[in-house]
């Protein structure tokens, strides 16, 4: 689904607009989901995907094919950068320093294997923007805290604290769902 063969890229670079539209429709759901993880709003995600796609179309002649997933990876990077740009404009990351977090609140390990993807996505979407952004960049995209600090123009320790706070919040959300499920099953609901 995310793979785009080299032959399709060559046709797109030759201005095959029908194929460009088909590829957009094929990649659209993944890109919306990606942007939603950062922005927490489907309408904002739609806007960012459209702006990103316009940039893709402008830069398509410059794209260099490496493997079937390289086109998606390229678009994904553009979408992440556009999402971060929207978040920077909002300028409300609510970033806190590591010193403000109590030591004992660090989760020792989270267990999210029993949570379906949609529920976990909704947990992430409810995180404050700073937590959500750093969590996505670190846990999902694989950026280092040093890279995140550079991208967001924050300190590395602030990136670490945002990630830690996001994990705590996700763990608390998961535990709340667990308590509700356990309570309902004990009542026979």
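The values are calculated or read from the model by the stated rules, or taken from the named source; none is laboratory data. These numbers come from a predicted model, not from an experiment. Here Cβ is always computed from backbone atoms with ideal geometry, including for glycine, and neighbour counts include all displayed protein chains.
When the stretch 137-153 is examined, which residues are found to be touching a residue at least 60 places away in the same chain (Cβ under 8 Å) and surrounded by 14 or more Cβ atoms within 10 Å (Cβ to Cβ)?
Of everything in the stretch 137-153, those that are touching a residue at least 60 places away in the same chain (Cβ under 8 Å) and surrounded by 14 or more Cβ atoms within 10 Å (Cβ to Cβ) turn out to be 141, 151, 152.
For the stretch 41-58, which positions are touching a residue at least 12 places away in the same chain (Cβ under 8 Å) and either farther than 17 Å from residue 88 by Cβ or surrounded by fewer than 14 Cβ atoms within 10 Å (Cβ to Cβ) (or both)?
Listed by number, the residues that qualify are 46, 49, 53, 56, 57.
Could you give every pair whose Cβ atoms fall below 6 Å, whose first residue belongs to the stretch 158-182 and is assigned by TED's automatic domain parsing to the domain that holds residue 136 and surrounded by fewer than 19 Cβ atoms within 10 Å (Cβ to Cβ), and whose second residue is modelled with pLDDT under 90 and part of a helix (DSSP H, G or I), counting only separations of at least 6 or pairs across chains?
That search, which allows pairs on different chains as well, returns 168/105.
Looking at (1) within 21 Å of residue 36 (Cα to Cα); (2) modelled with pLDDT of 90 or more, which is the one condition that is false for residue 61?
The failed condition is (1).
Would you confirm, using the coordinates I've provided, whether residue 65 is assigned to a helix (DSSP H, G or I), in contact (Cβ under 8 Å) with a residue 40 or more places away in the chain and not assigned by TED's automatic domain parsing to the domain that holds residue 142?
Here the answer is no, as residue 65 does not meet what is asked.
Taking the stretch 3-40 only, how many residues are outside any helix (DSSP H, G or I) and either without any contact (Cβ under 8 Å) to a residue 12 or more places away in the chain or in contact with a strand residue (DSSP E or B) (Cβ under 6 Å, 6 or more places away or on another chain) (or both)?
3
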